[in-house]
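Have a look at the structure below, then the notes.
Values in this text are rule-based calculations from the coordinates and carry no lab data. Predicted model, so just to flag it, every value in this text is computed and none were measured. We place every Cβ from the backbone using ideal geometry, glycine too, and count neighbours over all the protein chains shown.
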Amino acid sequence: MPKGKIRHVQYWCIVLVCLVDLTVCSSQALAGRVLDMVRANKTIRVGVSGLLPVFSFKDEAGKWQGLDIDLARAVAAAVLEDPGKVTFIEVTVANRFPVLLADKVDLLLRNTTYTFNREAAMGLRFAGVYFFDGQAFMVPVDSPIRTLADLSGTTIAYAKRTTHEQNLADFFQARGWSFTGLPIETLSELWEALHSGRCQVVTADRGELAGIRLQATGGPRAWRILPEVISEEPLAAVVRAGDDDWLLIVKWVIYALIEAEERGITQANVRDMLANPPDSSYRRFLASEGLAEKTLTLKPGWVLRVIEAVGNYGEIYDRHFGPNTPLQLERGRNRMAKNGGLLYSPPFR
């Protein structure tokens with residue numbers, strides 16, 4: 001190999017080693033720090049969209065609402081003993097990971113798909129899947145598009161820097177279909193594209209489309225979501241790599257919500273279930289005063305506080321997606337496993 005090429009290879013080897021060293025040092029410095037900082041600040045900084053109906057948005061009174069909001073409050077109830085000790089910070093699809101990695105938020109709850117590349121290569125950790133979704137397509141109600149086969153040759157809008165772009169390309173290529181992509185940055189740009197006719201179709205996660213449809217011109221009756229999905233999109237809470245205590249707490253708060261539904265423990269009956277448990281496992285679950293709690297320095301009763309604050313997973317789902325909401329979105333894969341869905345919690349023992 002010529003000397004010039006040798007020097008070039010040596011240079012990039014040195015750069016790579018330095019990057020690895022920086023990553024290791026950063027992870028070591030982070031270990032245990034997030035949980036300590038949250039307690040010192042007496043608030044959890046949570047990155048959310050702020051513009052996605054039913055996931056995270058402000059209602060007419062200016063109060064934060066949505067699935068992601070309730071999950072954040074559940075974590076605050078467990079860690080800080082107060083579901084109100086959350087600072088919500090609006091992040092975009094483009095800046096959500098840089099904001100988290102730059103230590104500007106402690107937790108990311110923003111329609112984020114759990115992927116191998118994101119966890120293995122980006123310094124992220126996914127703290128429990130809380131919503132099983134899939135990439136779907138939405139069209140005006142009077143559109144001639146009825147099935148996925150009708151999408152060939154159309155202009156399709158999608159959010160930049162999401163899994164949707166690659167899913168779309170792979171799906172159409174595998175079938176020999178063509179499409180014109182319209183990448184967008186913001187929801188407001190998406191609505192403009194829909195209403196102006198710049199695209200015939202918009203693609204996103206099914207739950208996200210259901211929320212977008214509520215705010216689109218004409219309301220939900222003016223738009224139709226095709227029944228098929230082309231991908232699996234497990235949405236998860238995200239934290240930075242390096243703080244195992246913080247990762248474990250966020251993950252097991254989500255599991256606690258699921259376990260509570262499995263056991264029939266609700267926001268209304270949780271105190272009675274603790275006082276008059278069907279068996280001893282209920283008291284152990286709700287009192288939560290074992291070795292694990294001491295290891296994570298969680299005060300006893302953190303599960304009780306979580307359920308009192310936001311209810312169980314089913315109650316949260318029904319509050320935002322259920323039959324008494326404008327969405328009326330079937331739970332589908334977000335049912336409990338015993339009811340044919342994908343949700344279940346590892347054992348609390």
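For the chain, list the DSSP H helices whose alpha carbon atoms reach 18 Å or more along the long axis and whose average Kyte-Doolittle value is -0.5 or above? Present the calculation step by step, with values, prior to reporting the outcome.
Values: long enough: 3-30 (40 Å, 0.84); 67-80 (19 Å, 1.56); 163-175 (19 Å, -0.99); 244-263 (27 Å, 0.39).
Those that clear 18 Å and a mean of -0.5 are 3-30, 67-80, 244-263.
Given R₀ = 35 Å, FRET efficiency for residue 299-residue 338 by Cβ-Cβ distance, to 0.05? Display every interim value, and only then the final one.
Details: r = 31 Å, r/R0 = 0.89.
Once the sixth-power term is evaluated, E becomes 0.65.
Using 7 Å Cα-to-Cβ label points, what is the residue 287/residue 42 separation (nm, one decimal)?
3.1
If you rank 320, 195 by fewest surrounding Cβ atoms within 10 Å, what's the result? Working shown, then result.
Working: 320 20, 195 12.
The order, fewest Cβ neighbours first, is 195, 320.
Of 345, 98, 140, which is farthest along the charge dipole of the chain in the positive direction, counting Lys and Arg as +1 and Asp and Glu as -1 at C-beta?
Selected residue: 98.
Can you find, among 285, 126, 202, the residue farthest towards the positive end of the dipole of the chain? Put +1 on the C-beta of Lys and Arg, -1 on that of Asp and Glu.
Result: 126.
With +1 on each Lys and Arg Cβ and -1 on each Asp and Glu Cβ, and nothing else charged, work out how big the dipole of segment 211-262 is about its Cα centre, in Debye to the nearest 20.
Here the size comes out at about 560 debye.
Let me make sure I get this right: for the chain, a, b and c are the square roots of the gyration tensor eigenvalues over alpha carbons, sorted descending. Under 1.5 in a/c it's rounded, otherwise prolate if a/b > b/c, else oblate. Which is it? Mind dumping the intermediate values first?
On the way: a/c = 1.99, a/b = 1.13, b/c = 1.76.
Oblate.
Can you give the charge dipole size of the chain about its Cα centre, rounded to the nearest 20 debye, using +1 on the beta carbon of Lys and Arg and -1 on the beta carbon of Asp and Glu? Please report the intermediate quantities before stating the final value.
Numbers: 40 positive and 39 negative charges, 125 e Å.
Taking the Cα centre of the chain as origin, the dipole is about 600 debye.
Given the pairs 58/160; 85/338; 42/160; 58/251; 104/299; 63/338, which are separated by over 31 angstrom at their Cα positions? Provide the component values of the computation, followed by the final result.
Details: 58/160 24 Å; 85/338 34 Å; 42/160 35 Å; 58/251 25 Å; 104/299 26 Å; 63/338 35 Å.
The pairs that break the limit, which is 31 Å between Cα atoms, are 85/338; 42/160; 63/338.
For the residues 92, 155, what sequence is obtained by ranking on other C-beta atoms within 10 Å, fewest first? Intermediate values should be presented prior to the final figure.
Working: 92 18, 155 15.
Listed from fewest to most nearby Cβ atoms, that is 155, 92.
To the nearest 20 debye, what is the magnitude of the charge dipole of segment 255-337 about its Cα centre, counting +1 on the Cβ of each Lys and Arg and -1 on the Cβ of each Asp and Glu?
Working: 11 positive and 11 negative charges, 31 e Å.
Around 160 debye, computed over segment 255-337.
Test of understanding: ordering 185, 60, 262 by Cβ neighbours within 10 Å, fewest first, what list do you get?
Details: 185 13, 60 5, 262 17.
Ranking 185, 60, 262 by Cβ neighbours within 10 Å, fewest first, gives 60, 185, 262.
Can you tell me the relative contact order of the chain? Whole percent, Cα pairs under 8 Å, sequence separation 6 or more.
On the way: 578 pairs, mean separation 73.6, N = 349.
21 percent.
Using the charge dipole of the chain (Lys, Arg: +1 at Cβ; Asp, Glu: -1 at Cβ; taken about the Cα centre), state which of 236, 248, 171 has its Cα farthest towards the positive end.
Farthest towards the positive pole: 248.
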